[in-house]
Amino acid sequence: MTTSDPLLTFSQAKARLLDQVPKKLATSIIGISDALHKITAKDIISPMDVPSFNNSAMDGYAVRLSEIKTQQPLSVAGTIYAGQQTLPYWPKNSCLRIMTGAPVPDEADAVVMQEQTQQNSNRITFLQPIKPQQNIRYIGEDIKKGEIVVNSGQKLTIPHIARLAALGISEIEVYHPLKVALFSTGDELREIGDSLSAGKIFDINRLTLKLMLQQLGCQVIDLGIVADDPSQIEQTFTDAMQADMIITTGGVSVGEADFTKQVLEKIGKVQFWKIAMKPGKPFTYGRLNNAIYCGLPGNPISAMVTFYQLVQPLILLLSGLTDIQSTFPQFQVKTLSAINKKPGRVDFQRGNLIADKHGELNVTVATHQGSHITQSLNHTNCFVVLEQERGKVAAGEYVTVELFNPLLS
Ligand code: AMP
Ligand code: MG
């Protein structure tokens, strides 16, 4: 691998990261209230029908349609409340007052909402045509017994958990978190909170990456700041090998103190280095024993963008998620800004998707796109993804946009 080799394209690199059968993680059974954002290790099968009994969708009156055709108004023979177990006696030519969620008697073939009736003492007139089955929620309409409610390999959202709650499922089997070891490299780096001497800077990346990893549900092994010293880097790599994945920042470029990649070449394997993307060209991918290695560039924006665009999908795959592509939806909108770009690399500019006064979406790009300018991620809400061969973009042209997910918002 030399510097004159053509760069891998972004899509080739991403495909290589994702082209593997992930090692199965251990699983455990956890309570449903701890399950948010965990990944299911098994299909979850419904043990029952939901609703489990026919019930009313409205506050109103349960009726037998045949009676309404022949006789109106009808007298009210009784009331059914939500949660009621014994239904009232229902004589012929009458209706029953019923509340939302209350069990509907088998003989009722519709519920008429209160607002479509007129009540005169105890007698009800129905003001509008009534459709058979209206306002009745039937057994199994939402979930059928035996149906898969949540597939294996699914990241659990609150709506998934609502469905499991409807079934009374209190425990589920999920994958253990992926173990990720993380360290930053650079003689110039100092811990946040320490004092800075001349030429030193605070270590931004280890914190941002740790937070992003935690958002993805990973267990982070924080190995601190490592000096630009091959033997210290080698020692830290050795400590990191216990993890499923190792992430480093800095030291993967072509500078004289960029030792991370060199050390990996010695004790592990570099699978590829450098990608035709901006920011993030020096991204490095490899292996160290059983651990997968991702080396991110040191510039904070490059580190965050490569993490987001490449490491995030890889982590989702290794964590057991089955559908990774649909978690990064892209769409086309017009740009209001003219955008500077040279052909040769995919550019992940940071932009703002905004609706104009007609509700039409447009995007503007942040003025400062430098990979050291943290401001560019602060006032933006999306990536503007400019294709590798694309050059300058004029205002009014369509561009591809990808809204930030919670890792960046
Ligand atoms: P490198 O990739 O090591 O050549 O670093 C590129 C640039 O990013 C240099 O200006 C570094 O000082 C800076 N940098 C590297 N690591 C970090 C970090 N963890 N936090 C903030 N800036 C960093
Ligand atoms: Mg460095």
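The values are calculated or read from the model by the stated rules, or taken from the named source; none is laboratory data. In this text, all values refer to a predicted model and were calculated from it rather than measured experimentally. Note: ideal-geometry Cβ built from the backbone for every residue, glycine included; neighbour counts use all protein chains shown. These accessible areas exclude ligands, DNA and RNA; they are computed on the full protein's heavy atoms, side chains included. Shrake-Rupley method; radii C 1.70, N 1.55, O 1.52, S 1.80 Å.
Where q = 0.07, 0.11, 0.13 Å⁻¹, what log10 of I(q)/I(0) comes from the Debye formula for the chain, counting one point per Cα? Calculated log10 I(q)/I(0) at the listed q: -0.52, -0.88, -1.07.
Hydrodynamic radius of the range 30-89 by the Kirkwood approach over all distinct alpha-carbon pairs: 16.4 Å. Helix 230-240 and the long axis of the chain differ in direction by around 20°, with both axes built from C-alpha atoms. Which trypsin sites (Lys or Arg not before Pro) does the range 85-172 hold that lie in a coil by DSSP with at most 14 other beta carbons within 10 Å? When the trypsin sites (Lys or Arg not before Pro) of the range 85-172 are filtered for loop state and at most 14 Cβ neighbours within 10 Å, Lys92, Lys144, Lys145 remain.
Under a model in which nothing but the beta-carbon of Lys, Arg (+1) and Asp, Glu (-1) is charged, the range 55-137 shows a dipole of about 120 debye around its Cα centre.
Carbon-plus-sulfur fraction of the accessible area of the range 329-403, 1.4 Å probe, in percent? About 53 percent, which is the carbon plus sulfur part of the accessible surface. For the chain, the solvent-accessible area works out to 49 Å² per residue, with a probe of 1.4 Å and every protein chain left in place. Below 13 Å, Cα to Cα, which aspartates and glutamates can Lys278 reach? Residues fewer than 8 away in the same chain don't count. Result set, ordered by chain and number: Asp347, Glu387, Glu389. Listed by chain and number, the aspartates and glutamates whose alpha-carbon sits under 20 Å from that of Lys23, ignoring those within fewer than 8 places in the same chain, are Asp43, Glu173, Asp244, Asp323.
Checking the Cα-Cα distances for Lys92/Lys131; Lys24/Lys200; Lys14/Lys145; Lys24/Lys261; Lys14/Lys342; Lys269/Lys334 against a 32 Å cut-off, the pairs over it are Lys24/Lys200; Lys14/Lys145; Lys269/Lys334.
Of the two radii for the range 55-137, the radius of gyration is 0.91 times the Kirkwood radius, both from the alpha carbons; that is the Rg over Rh value.
Working from the alpha-carbon coordinates of the range 329-403, get Rg over Rh, Rh being the Kirkwood radius. Dividing the radius of gyration by the Kirkwood radius yields 0.94. Could you compute the net charge surrounding Thr40? Neighbours are other residues with a C-beta less than 11 Å from the C-beta of Thr40; K and R count +1, D and E count -1. Summing Lys/Arg as +1 and Asp/Glu as -1 gives +1. Counted by Cβ distance under 11 Å from Arg64, the other residues give a net charge of -2, where Lys and Arg count +1 and Asp and Glu count -1. The distance linking the range 98-168 with the range 386-408 is 45 Å (Cα centroid to Cα centroid, whole angstrom). Averaging the sequence gap over all C-alpha pairs within less than 8 Å and six or more residues apart, then dividing by the number of residues, gives the range 329-403 a relative contact order of 48 percent. Normalising by the residue count of the chain, find the relative contact order in percent from Cα pairs under 8 Å and 6+ residues apart. Once divided by the residue count of the chain, the mean separation gives 15 percent.
Around the Cα centre of the chain, unit charges on the Cβ atoms of Lys, Arg, Asp and Glu (plus for the first two, minus for the last two) sum to a dipole of about 700 debye.
Using a 1.4 Å probe on the protein chains only, how many percent of the accessible area of the range 169-247 belongs to carbon and sulfur? Using a 1.4 Å probe with all protein chains present, the range 169-247 comes out at 49 percent carbon and sulfur. Taking only protein heavy atoms and a 1.4 Å probe, the accessible area of the range 55-137 is 47% carbon and sulfur.
In the chain, a dipole from Cβ-located charges (positive for Lys and Arg, negative for Asp and Glu) runs towards its positive end, and of Gly168, Phe126, Val50 it is Phe126 whose Cα lies farthest in that direction.
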